[in-house]
1. I'm trying to understand the selection: among the residues of segment 27-40, which are in contact with a Lys or Arg (Cβ under 7 Å, 6 or more places away or on another chain) and either closer than 18 Å to THR112 by Cβ or among the hydroxyl-bearing types (Ser, Thr, Tyr) (or both)?
2. Kindly indicate which of THR165, THR69 is polar (S, T, N, Q), more than 24 Å from ASN20 (Cα to Cα) and either modelled with pLDDT under 95 or not in a strand (DSSP E or B) (or both).
3. For ALA84, indicate whether it is modelled with pLDDT of 95 or more, surrounded by 20 or more Cβ atoms within 10 Å (Cβ to Cβ) and not hydroxyl-bearing (Ser, Thr, Tyr).
4. Any chance you could count how many residues in segment 96-116 are more than 19 Å from ILE166 (Cβ to Cβ) and either touching a helix residue (DSSP H, G or I) at 6+ places or on another chain (Cβ under 9 Å) or crowded, with 16+ Cβ neighbours inside 10 Å (or both)?
5. For the subset of segment 16-45 comprising residues that are under 23 Å from TYR80 (Cα atoms) and out of contact with any strand residue (DSSP E or B) (no Cβ under 8 Å at 6 or more places or on another chain), which member is modelled with the lowest pLDDT?
6. Would a scan of segment 119-128 turn up a residue that is out of contact with any Asp or Glu (no Cβ under 8 Å at 6 or more places or on another chain), in contact (Cβ under 8 Å) with a residue 24 or more places away in the chain and farther than 26 Å from TYR80 by Cα?
7. Mind listing whichever residues of segment 1-52 are surrounded by 12 or more Cβ atoms within 10 Å (Cβ to Cβ), closer than 30 Å to LYS89 by Cβ and among the basic types (Lys, Arg)?
8. Only one of (1) more than 26 Å from ASP15 (Cα to Cα); (2) in contact with a strand residue (DSSP E or B) (Cβ under 6 Å, 6 or more places away or on another chain); (3) in a helix (DSSP H, G or I) is not met by ALA48, so which one is it?
Amino acid sequence: MNKVEKKIKSTRIFDGKIINLRTDEVLLPDGNKGYREVVEHPGGVAIALQKEDGKFFLVNQFRYGQQKTMLEFPAGKKEYGEDALTCAKREIVEETGYSGKDYVYLGQMVPTGAYLEEVIDMYYAKTDKYYGQHFDDDEFITLESYSLEELIEMIMNKEICDGKTIAMTFMVKELLKY
């Protein structure tokens, strides 16, 4: 059976600074109609930036939606139409102060496919030149660094719950085996 749902009509509900919300009327695979709520988002990037000492930069910041401080690999939102690598190079300097080199594309992650259009492009890189951090006006970030072993232990101890950071940690572990 074909499982594709075909959009019949869209209704704009909300336009925001970061996200937009719409409802779509869809034709279901069985011929019936259904409705889907969709959060539009331009996508993002995340970077596992490895320092010369082998440790990785992580950012510690309050995440309002979760109402807690979270430890994550540096990440950021793409502008609509922006190339993912261009965004990654901008975001890594903003959040860590360092540019990266030897970028390796790890692939994409879909945080929540049921209702969210966001896709996160993930990268591994090594530190290059130091330029200094420059945060957005509404960012309050503490920069920390951990070894891959420490990150895995923190994930297994449920101290890190960010999905992209969990996925990237294990992807980088496999990447660095070779």
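The values are calculated or read from the model by the stated rules, or taken from the named source; none is laboratory data. The structure presented is a predicted model; accordingly, all values stated were derived computationally and were not measured. Here Cβ is always computed from backbone atoms with ideal geometry, including for glycine, and neighbour counts include all displayed protein chains.
1. VAL38, GLU40
2. Answer to the check: THR165.
3. Answer is no for this residue.
4. Qualifying residue count for the region: 6.
5. Filtering first and then ranking leaves LYS17.
6. yes
7. LYS51 - this is the single residue of segment 1-52 that is surrounded by 12 or more Cβ atoms within 10 Å (Cβ to Cβ), closer than 30 Å to LYS89 by Cβ and among the basic types (Lys, Arg).
8. With respect to (1) more than 26 Å from ASP15 (Cα to Cα); (2) in contact with a strand residue (DSSP E or B) (Cβ under 6 Å, 6 or more places away or on another chain); (3) in a helix (DSSP H, G or I), ALA48 is out only on (3).
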